[in-house]
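Only one structure is covered here, and it is reproduced in the block below.
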Amino acid sequence: MNKLIISIFSLFSLAASAQSGRHIAAYTQFGKCEGVERVWHTPTYYDQNPVLKADRKWELNATGDPYAAPFSGGVWYDETVGKFKMWYSAGGEKTYGLITCYAESTDGKTWHKPALDVVPGTNIVDTLEHDCVSVLLDKEEKDPQKRYKMFAVVFNGKYTVSMHLRYSADGIHWSDTKALSGELYDRCAAYYDPFRKKYVLSLKTINGKKYRRSRCYLDGADPELTVSLAHRVYDNHSDKFIKYWFNAEDDDPRNPQFPDIRPQIYNHEAMAYERSMLGYFTVWQGPENNACDSLKIQKRNEVLIGWANDGFHWDREFKRPFLGVSSDFKAWNAGNVQSVAGCPIIVGDSLYFYCSGRYNSKPVHDSNFATGLAILRRDGFVSMHAGNKEGSFVGDNIEVDGKYFFVNADVKAKGAQLKVELLDADGNPIPGFTKRDCVVMRGADKTKQLITWKGKQDLTELQGRTIRAKFYLTRGDLYAFWVSPWTSGESRGYTAGGGPGLNASGVDTK
């Protein structure tokens with residue numbers, strides 16, 4: 001079995017403990033494994049994609065090219081009003097600058113573009129002409145006037161950009177610029193790391209002839225100061241505040257039509273999901289812009305994922321595209337697929353991932369921008385899988401600060417089953433919580449299943465102890481496990497971009 005880095009973080013919100021949140025198989029280090037394998041999974045694109053495309057005149061630029069997708073932008077679920085909200089890039093009066101528009105939805109699939117008063121009769125919410133924008137719905141912000149934050153990478157001229165920070169109470173009416181960076185490269189991004197209470201700027205840099213497009217790191221608790229400290233850093237250099245971060249790796253995907261082009265990192269952003277930071281890595285595979293224009297194709301970008309255990313060092317073991325391009329030349333995502341801020345959205349048993357894609361109906365490599373949706377099982381990045389013979393594996397440490405033990409598992413196949421045995425700090429089965437005592441889970445496929453033992457309906461007698469769980473699995477898959485204070489199974493982990501029925505705090509709690 002390959003080793004995965006454990007992600008154990010302190011959750012500061014709502015006094016959650018250091019072990020709160022679902023232990024996701026994607027980033028949990030399992031102990032001794034026998035007869036099981038780890039299987040990676042990727043989301044499925046929604047068959048009615050694109051869910052949003054250009055159909056308004058202001059979504060076309062000066063030369064008539066269509067743009068309607070978040071370029072980072074943001075898709076969030078606002079639990080206070082029960083709506084999906086999207087901020088996306090569109091149109092613009094110049095051929096190289098985009099404006100910000102707003103759309104909303106009740107189901108995440110059908111989107112409405114409301115007529116607003118910022119630019120009367122349109123859904124435009126900001127007219128700063130930008131290269132890209134990151135919009136954050138800051139669920140920890142105490143000042144209601146700053147609940148929404150826009151980090152806009154705005155053109156100073158045709159070839160230079162700076163980041164502008166703006167605030168909003170409703171995501172529609174935005175303040176003037178409250179902080180301004182120095183000169184930056186294009187395609188920078190911003191996100192919030194709630195584990196460290198820091199705003200992170202993922203800054204593009206150019207690192208030599210080999211690695212080219214790469215990333216630098218800047219963070220801070222004050223978003224205005226953080227933006228003000230941002231500026232270009234060349235090659236792999238650092239300064240007092242900005243650190244060189246990472247570049248593409250040799251085994252990142254390559255463009256099958258141009259296999260000699262070494263991949264580069266085009267964009268990076270991240271979201272807190274359960275007990276870790278889920279990172280998105282947009283991997284550029286070429287060709288360069290001038291070649292795309294002459295060949296009348298889109299440059300190839302695909303989104304990969306990774307996990308951070310400290311907010312800075314990323315485990316990027318999985319090297320298949322998580323959000324990929326289509327082999328269909330005319331598809332909405334024929335090229336240049338990129339990630340969106342705020343994702344995933346938790347919708348019942350599913351995770352919704354939004355992305356931008358570009359199609360080839362016009363011979364301009366950076367136009368034809370539309371929005372797609374991809375859907376994955378909740379926690380479904382990786383599963384521990386067992387075949388016809390029973391396999392076993394041991395999870396990482398659990399501080400018992402709740403009463404109920406839950407799993408996310410699929411054992412619906414004939415003959416499939418799951419048993420859980422709890423071990424003490426020395427690895428010995430705890431009396432009353434052994435494999436033999438466990439009430440077997442079988443004939444079920446549940447993202448939230450309570451596990452009990454004969455005569456032991458909860459973990460009351462284990463409160464305060466450090467334990468581990470040993471899983472015995474046959475013909476099935478385990479995706480996650482956790483301990484909850486409630487029979488309803490809330491994990492107290494972070495809920496990424498939120499979702500219907502979840503707590504508006506951004507933490508999975510009652």
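Of note:
- Neighbour-count ranking [beta-carbon atoms within 10 angstrom, fewest first] of Ser20, Ser238: Ser238, Ser20
- Share of alpha-carbon pairs per 10 Å distance bin for segment 49-207, given as whole %: 11, 41, 37, 11, 1
- The ranking of Lys510, Lys414 from fewest to most other beta carbons within 10 Å of each one's beta carbon is Lys414, Lys510.
- Projecting the Cα atoms of Pro223, Gly74, Ile265 onto the charge dipole of segment 44-377, computed from C-beta unit charges around the Cα centre, puts Ile265 farthest toward the positive end.
- Look at the Cα gyration tensor of segment 445-510: its axes a ≥ b ≥ c give a/c of at least 1.5 with a/b at or below b/c, and that counts as oblate.
- For Val119, the residues 5 or more places off, or on other chains, whose built amide H falls under 5 Å of its own are Ile124.
- Gain on full stretching of the segment that runs from Lys57 to Asn397 - 0.36 nm per residue minus C-alpha separation: 116.8 nm
- Burial order of peptide ranges 419-426, 250-257, 134-141 (average beta-carbon count within 10 Å, highest first): 134-141, 419-426, 250-257
- Beta bridges from DSSP with both residues in segment 44-377: antiparallel share about 95 percent, rounded to the nearest 5.
- In the structure shown, the pairs Lys197/Lys299; Lys53/Lys204; Lys85/Lys446; Lys32/Lys198; Lys209/Lys243 are assessed against 31 Å; a Cα-Cα span above that value is assigned to Lys197/Lys299; Lys32/Lys198.
- Fully extending the segment from Val119 to Ser488, taken as 0.36 nm per residue of separation minus the present Cα-Cα distance, adds 128.3 nm.
- Neighbour-count ranking [beta-carbon atoms within 10 angstrom, fewest first] of Asp143, Asp437, Asp508: Asp143, Asp437, Asp508
- Extension gain, Val39 to Thr106: 0.36 nm times the residue separation minus the Cα-Cα distance gives 20.8 nm.
- Taken over segment 388-472, the percentage of Cα pairs per 10 Å bin, counting from 0 up to the bin with the maximum distance, is 18, 54, 26, 3.
- Segment 92-148-segment 439-492 distance, computed between alpha-carbon centres (Å): 42
- Cα gyration tensor shape for segment 44-377, rounded if a/c is under 1.5, else prolate or oblate: rounded
Here, each number is a calculation from the coordinates, and none is a lab measurement. Computed from a predicted model, the values in this text were never measured in an experiment. A quick note on method: Cβ atoms are made from the backbone with ideal geometry, for glycine too, and the neighbour counts reach across all protein chains shown.
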